[in-house]
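Take a look at the structure set out below.
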Amino acid sequence: MPTRDEESNPRVVDAEAFTRILNRPRVMVAFVVIVFLVTVVQVLSDPLSAVLQGDVVWDYRIPFGVVIALVIVGCAAQSAFLLLSPRFPLIAVLGTAACYLALVSGLEIPRWLAALPLVVGVAVFFLAAQRRAATAVLWTVVVIGAAVGILSIWSTSTGAPAAVAWSFVLSSGLAFAAPVAGAAALGIWWARRMSGLRRARAQLAAAAAEHEAELERAKTRERARIAQELHDVAGQHLAGLLSLADAAVDIDVLGADQAAALIAEMRAEGRFASASLYAALRDLRAESDARAEPTLDLRSLDELLDYWSSRGMDVVTRVHAPVDDLPAMVSTTAYRVIQEALTNACKHAPGAHVSVDVRVSPTSIRVAVGNEVGRAPAASDLPTGLGWGLTGMAERVDLLHGSLTAGPVSSGGWVVVMEAPLTAYDPSTPVLTT
């Protein structure tokens, strides 16, 4: 049965794609010429064979040569109707059927014309391929019924015995109905296939558009994250440097120990601000440069830990499972969480022991970054930003349908824990909790 979309549009298939080649005049003419030559050879094979054998006994009312000429003209007219198939398939069907019936009833040589129903079948195929299935079935029944009716009238009008006449109607009717009905079924099947192909192409185009939109949204989120990181650096670390610089104005009234501690704090804050700015600017360059290196993920964890170890951080890492084959988004998000947590530990608990624990199960990942109580920063070093670091991490993890918790522990330190599923980002997937 036709679908609702097909009922609203009589052209249920991509007719333009299907008839694009046949709509070219030269191609369609070549097709029709081939059909004409094949039918003429088939129709004239019996009489010409009889002539060559000298077996012709011609007692018809129309001379033999005239019949041959009329048959050739009739085949040419029938094949010519196929030229209308790409744009007017119904006229092509009626025309090819009319030519066949005219030759049968007018020339009284039905057995010569066994190939002509195949031409009608070709026209019916075009009709079924370009119209609704119901329309194709209706006209196929009408054409077969009309042909059988005309063959019955002509057969009984010849005066032949009833048994002979009806035997002829049965054999000729079946010889006509079989290729025509088969062509209609093939055309309907073809139309369904083309309709499915058109829908698949539309779905593919929609998926490609959605993919492009998702990429653009991801770029927008990444730009926002980078902007937040830059704001955090400018609002917190540079402000801290300014506070330390203001304190340095009074360095002449400070003791040697106080001055040395102040200078060390300024150096640490400056290194941290420089590293944070570099990381943010590197991400910004990578986001806009197609040739930039791939986004960092857990496979680069050792490099991140070496970076902080070389700057005096006491960090211990435990990775309990391979991380090379994790989904890209999960691995990247986990890396960013660790990166941000280490950065915060360096800022808010300088000199503290830091631990990084990564656990991966077949369905989930758990990352925990904790630090002990560190050296208390000076009052002028305390951050004045909006805490967008944790907010940015939480937003990243939320995209994975995971969770992010951060807070103090009983020992006085701080811990950040990320838990997220690995497969299809399914919120119902259990995650590690221990």
Restricting the search to region 83-103, which residues are surrounded by fewer than 24 Cβ atoms within 10 Å (Cβ to Cβ) and hydrophobic (A, V, I, L, M, F, W, C)?
Leu83, Leu84, Phe88, Leu90, Ile91, Leu94, Ala98, Cys99, Leu101, Ala102
Criterion first (touching a helix residue (DSSP H, G or I) at 6+ places or on another chain (Cβ under 8 Å) and more than 25 Å from Val73 (Cα to Cα)) does Ala163 satisfy it?
no
Has region 156-164 got at least one residue that is in contact (Cβ under 8 Å) with a residue 12 or more places away in the chain and surrounded by 13 or more Cβ atoms within 10 Å (Cβ to Cβ)?
no
In region 31-53, is there at least one residue being in a loop (DSSP other than H, G, I, E, B), under 30 Å from Ser157 (Cα atoms) and of a type outside the set (S, T, N, Q)?
no
Helices (runs of 4 or more DSSP H) wholly in region 61-174 with at least 3 residues that are farther than 30 Å from Met194 by Cα and small (Gly, Ala, Ser) - which ones?
64-81, 89-107, 133-157
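Where a number appears in this text, it was derived from the coordinates with a stated rule and is not lab data. None of these values were measured; they are calculated from a predicted model. A quick note on method: Cβ atoms are made from the backbone with ideal geometry, for glycine too, and the neighbour counts reach across all protein chains shown.
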